[in-house]
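S.K.: Before I ask anything, here is the structure I am working with.
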Amino acid sequence: MRTSRLGRAYLAAALLGISLGISGIPQANAYTDVVATTCMASKTNPTMTFDKGTAPYGTFYAFYSGSVYCGSTLMANRHKITMKGGSGDGTSNECTTNRGWLPNGKYNARYEKNHQTDSAVVKGSVWNLGNKTCAAGTVTRTELFIHSQGGNGGGWSESNYKSAGCIKINQTDRSFLKDLFDIPIYGAANNTLNVVP
């Protein structure tokens, strides 16, 4: 019987009986998926957070709900995914077009399973963030996405975390998120991203 990537992650955590939490910015190919809250009355829509660290690197979090039996009652739990992310080329000024990391604030994140444009980099499974005006109100950053390096399953190197302002995650981590958002209940939800300093 084949087991999904999400299923394998849950099984490994259950067999090991440990919490897979880490501190600081996670390393490449080292996402974690842990249960943050359990036995909730109802499920909640997925949310995401990009916590800026030292430009261009930060920590990307995604939260989603699953099901769990609490005694004999089927209830909800909330998972927290943690992975490394990058934004910008190392310029911390969010008003610097095509160089600074994306502006702080709240975004609507629209999942696109197979985004295709003329760009060789922004392809495959992405989360379209739209446009955002920077804190000074002088520049609107456009065409912002969460994406990886090219299409699904492509190559990756540490330098690929740098971007023109989008949030970039490595191919392994994007594949993990893609598996989750391909489930209709999540992919069709009104997803939000919060970018915090």
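S.K.: With θ set to phi - 60° and the Karplus curve 6.51 cos²θ - 1.76 cosθ + 1.60, what are the ³J(HN,Hα) couplings of the stretch 150-159 in order, to the nearest whole Hz, using x for Gly and Pro?
M.R.: x, x, 4, x, x, x, 7, 9, 4, 5
S.K.: Mind running the shape call on the stretch 55-176? Use the C-alpha gyration tensor, a ≥ b ≥ c as the square roots of the eigenvalues: rounded below 1.5 for a/c, prolate if a/b tops b/c, oblate otherwise.
M.R.: Values: a/c = 2.09, a/b = 1.58, b/c = 1.32.
Verdict is prolate for the stretch 55-176.
S.K.: How big is the dipole moment of the stretch 42-197 about its Cα centre under a simple scheme where the beta carbon of each Lys and Arg is +1, that of each Asp and Glu is -1, and everything else is neutral? Debye, nearest 20, please.
M.R.: Details: 16 positive and 10 negative charges, 47 e Å.
That gives a dipole near 220 debye.
S.K.: Still on this structure: Which of ALA136, THR97, ASN108 sits farthest toward the positive end of the charge dipole of the stretch 47-158, with +1 on the Cβ of Lys and Arg and -1 on the Cβ of Asp and Glu?
M.R.: Final value for the positive-end residue is ASN108.
S.K.: Top to bottom by accessible area (1.4 Å), largest first, where do GLU94, GLU158, GLU143 land? All intermediate terms of the calculation are to be shown ahead of the outcome.
M.R.: Numbers: GLU94 25, GLU158 85, GLU143 135 Å².
Correct descending sequence by accessible area is GLU143, GLU158, GLU94.
S.K.: Can I ask one more? Put +1 on the Cβ of every Lys and Arg and -1 on every Asp and Glu Cβ in the stretch 38-156; which of ALA62, CYS39, THR82 then has its Cα farthest towards the positive end of the dipole?
M.R.: Projecting each Cα onto the dipole axis, the largest value belongs to CYS39.
S.K.: With a 1.4 Å probe and every protein chain left in place, tell me how much accessible area ILE81 has, in Å² to the nearest 10.
M.R.: Result for ILE81: roughly 0 Å² accessible.
S.K.: Let me ask something additional. With charges set only on the Cβ (+1 for Lys and Arg, -1 for Asp and Glu), what does the dipole of the stretch 108-197 come to about its Cα centre, in debye to the nearest 20?
M.R.: Working: 9 positive and 7 negative charges, 32 e Å.
The calculated dipole for the stretch 108-197 is roughly 160 debye.
The values are calculated or read from the model by the stated rules, or taken from the named source; none is laboratory data. Quantities reported herein were computed from a predicted structural model and do not represent experimental measurements. So basically every Cβ, Gly included, is an ideal-geometry build from the backbone, and we count neighbours across all protein chains shown. Side chains included, ligands, DNA and RNA excluded: accessible areas come from the protein's heavy atoms. Shrake-Rupley method; radii C 1.70, N 1.55, O 1.52, S 1.80 Å.
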